[in-house]
Structures are given as structure tokens and as C-alpha cells.
Amino acid sequence: MTDFSKKTNNTSKSASLETTAVAELIEIEKLGLTRSLKEVGGPQEPLVQIGNKKVLLFCSNNYLGLANHPEVTKAAIDATMRYGASSVSSRLISGHMTPHAELEDLLAKWKGVEAALVFSTGFQANIGIITSLLTRDDTVISDELNHASIIDGCRLSRANVEIFRHGDMNHLEDVLNSSARRPGRRLVVTESIFSMDGDRAPLRDLVSLAKRHGAWTMVDEAHAVGIFGNNGAGLVRDLGLTDSVDIQIGTLGKALGSFGAYVAGSSSLIKLLTNRARSFIFTTGLPPSCAAAAAKAINICMREPERAATLLQRARKIGEDLREAGLNIPHIDSQILPILIGDSRETVKAAENLLRRNIYVAAIRPPTVPTDTARLRLSLMASHEKSHIEKLLTELPSCMEEARLDSK
Ligand SMILES: *Cc1c(COP(=O)(O)O)cnc(C)c1O
């Protein structure tokens, strides 16, 4: 992933913040990388209000429609009435409340592990785990497409960072071999379903390689949890790797429709993180409403596995249809469909064309993805209806073609 911290340096040291900010924004604009917020009125449903029009939403992580599921919102409301709007304190002071404890028990059972710990976000979980386990004498070995929060966790830990080519087990083996003589611990980190590509890590091979080389493993299931595996418990459990993966993490904020994140593993791991993870210790506990909503969402995933199954089936079909229409979509199996374009400006234009026709798709550019791999990222929701998909399939090819011609 591209360096987040890269700054342009064309203003003098003593320039005012205002001058510096304006100059840097111009640089960002020149690269076609300006980001801005779009205000959505109403819940994350297939049809959302943006400004004065209703648009079809194809970039929400509300994959299973749980964020506005009546049982999930009711759980949040009930918990708010009973426990208040906030936990107000760190979990280690007085902020560890009944909904947290109940959620952690449920997570551990769902995942089939000894224990789980809820963090306030996945970003904080990744930072907290890696910095708790590694120091400058250790080595972290990370897939090149891993999420920004994993990258920042690696950096903050001060460990040696080795990057292996995306999903490339030969390269991982080379890195494991070449780092073998270094003293210290080694941790291999990967996502299971990759956030911007929708593809999956070769988890079985990765875990057995790491084991053979005496390295620990950590798997981020942010985009898999709720959707993959029996009862939505994720790919690690589905592949029978629960006992071989040392650390599992995932967010409560995507398919589970709530907010927050979990780490799942052995009781000692969880105790160590409780004692050491600064992003757990020095922050306010998750609001009780979020914990209760996430627990309800997990129960729905267990009760209604057909939600995820239907979603994946539909994604396969849409991928096929779009490939037939000539779009560059890799053969993957997930609810995330990347349409590779390459050029950032062309990608933004395609997204603008789509929005003009009332379809909201995210243009994903560096530094979220590597240079020259800008793309439209479609994310599908179980709540999309047939007519929504039909409109998407009709409009996408022409919007992209117009953007291509415009950028010539
Ligand atoms: C979204 C995401 C996170 C961060 O989770 P939050 O709970 O949103 O902070 C971490 N890892 C991956 C792979 C993600 O996609």
C-alpha cells in the first residue's frame, strides 16, 4: 500500500498552516486524489438520499442489511435505555458493562475459541495487537495488500517489517527463510477476504508455512465475518484452522451492522492484550448499544445463514454478467466486486457518471490501493432487489466507456 504519511514539501518551514494546507490540497487535486464527504440521509439501504436525489447504494458494507434490521436497532435502543448512551470510561476503569461481557462470551462461542476481547474499532484492535506482541527486536511479515490499520500497527510496533507479494506463498516462504536467522519473534499477518480486492488469502498454506517456520499467525476477517463459514463465523473456522491461527480479529462495523471490533484467541492472549494494548486501555469502552446490537446481529447470522448464502450467489452471477459485458473483474468469490480501471481520474469520472445516473459506487484510489490500480469497488447487500441490480448492469458499462473516452 502507498505511504500514507507522504507529504509534498514545496512550502517553506515558516509558511502559515493556511498556506501549507492550500498548497498540499492543490497537489492532492493534481493527482486526482481529492477526497470529500457525501452526506447520506437515512439508513444504509439500497436507496439512499444524497443531496436532493435518491440514489442506488453500491458501496456500503451493510452487506447483510443488519445495520437497520428491526431486531438489531431494537437491541441498540433497549441497551441504551437500560445502560445509557455511553460506557463513559475505559473498560478497565468502570466501562466494562454487561453487554460487553455478554458479547465477548458469545464471540468466543461463535468462533470456537477460549476468549474474545472487544475493542472500540478494528483500527485500534490491529494497532493494539501488533504493538502488544512485537518490539524492535521482532519481525512482522505482512501481505502487501493488508489494511492501513495493520500497516500502522506494524510501524508503531517498531518491529522489522517484511512485506510479501499478495497471496504469494513462495514469496512468503522466501521471507520466512531469509528472516530465520534474526533473533526475536515472528508474526505473519494477513486478511482472509481482502477489503479492496474481495479475493481470499490461501489461509491453509499460509498457516502451515508459518507453523513450519515457527512464526505466529494473525488473520483479519473484517470482510469475511458474518458472511463466510458456517453461521458466518469466518473463514478461519470454516477451514478448520481455529486451533492453528494464533490471533483472529474482525470488525463489528461491517456485515454485523454495528460498531467496534473483536480479537479472538486463547485466554492468555486476551489477558495479555487486556494488560498491554494501549488502544484498548486508554480509550472509552464501546457504547453498550453497539455491543448489544452486534450480539443480536451474530444471533441473526446463526439463525439465518441463507442471508449470506444468497448474497454470495448473487455476487457470483453479477460478476459473470459484468465480465460478459467486457468489464475487468477478477474471478473471485465474495460480496466485493472490484472493477479495475487503473487511472485515478478515469475512475473518479466513471463514479461521477454513475452518480449522475443515480448510482453510488465508490472510486477507490491510492493510497487505499497501490498506484495505478484505481478501481470501482462494488459492494453488494442482501437487501438489493432485482430491479436495483438490473439498473446497475445496464448503466455500468456505458458510464465506464464515457469515462474512458473523456480521459483520452
Ligand atoms: C475496515 C477494516 C478494519 C477496521 O475496522 P473498523 O472497525 O472499521 O475500524 C480493519 N481491517 C480491515 C481489513 C478492514 O477492512
For Ile318, are the conditions met, namely being surrounded by 23 or more Cβ atoms within 10 Å (Cβ to Cβ) and over 30 Å from Leu134 (Cα atoms)?
no
Of the candidates Arg316, Arg278, the one satisfying the condition of being assigned by TED's automatic domain parsing to the domain that holds Leu107 and basic (Lys, Arg) is Arg278
Please list, ordered by first then second residue, the pairs with beta carbon atoms under 9 Å, 6 or more apart or interchain, first in region 206-220 and within 15 Å of Leu133 (Cα to Cα) and touching a residue at least 12 places away in the same chain (Cβ under 8 Å), second in a loop (DSSP other than H, G, I, E, B) and within 16 Å of the ligand (Cβ to nearest atom).
Thr217/Val245; Met218/Val245; Val219/Ser192; Val219/Ala201; Val219/Gly234; Val219/Val245
Restricting region 259-269 to residues that are over 16 Å from Val189 (Cβ atoms) and small (Gly, Ala, Ser), the residue that is nearest to the ligand (Cβ to nearest atom):
Gly260
The residue from Ala21, Ala75 that alone is under 30 Å from Pro287 (Cα atoms), outside the structural domain of Ala374 (by TED's automatic domain parsing) and not charged (D, E, K, R) is Ala75
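Matching residues to (1) under 24 Å from Ala261 (Cα atoms); (2) in contact (Cβ under 8 Å) with a residue 40 or more places away in the chain:
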{"residue": "Gly112", "(1), (2)": "yes, yes"}
{"residue": "Thr121", "(1), (2)": "yes, yes"}
{"residue": "Ile127", "(1), (2)": "yes, yes"}
{"residue": "Leu156", "(1), (2)": "yes, no"}
{"residue": "Pro183", "(1), (2)": "no, yes"}
{"residue": "Ser192", "(1), (2)": "yes, yes"}
Can you name the residue in region 75-101 that is charged (D, E, K, R) and more than 27 Å from the chain's Cα centre (by Cα) and, of all such residues, is surrounded by the fewest Cβ atoms within 10 Å (Cβ to Cβ)?
Arg82
Take Glu104 and decide whether it is surrounded by fewer than 18 Cβ atoms within 10 Å (Cβ to Cβ), within 16 Å of Ala264 (Cβ to Cβ) and of a type in the set (D, E, K, R).
no
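The values are calculated or read from the model by the stated rules, or taken from the named source; none is laboratory data. As the structure is a prediction and not an experimental result, all values here were calculated from the model. No Cβ is skipped: glycine too gets one built from the backbone with ideal geometry, and neighbour counts run over all protein chains shown.
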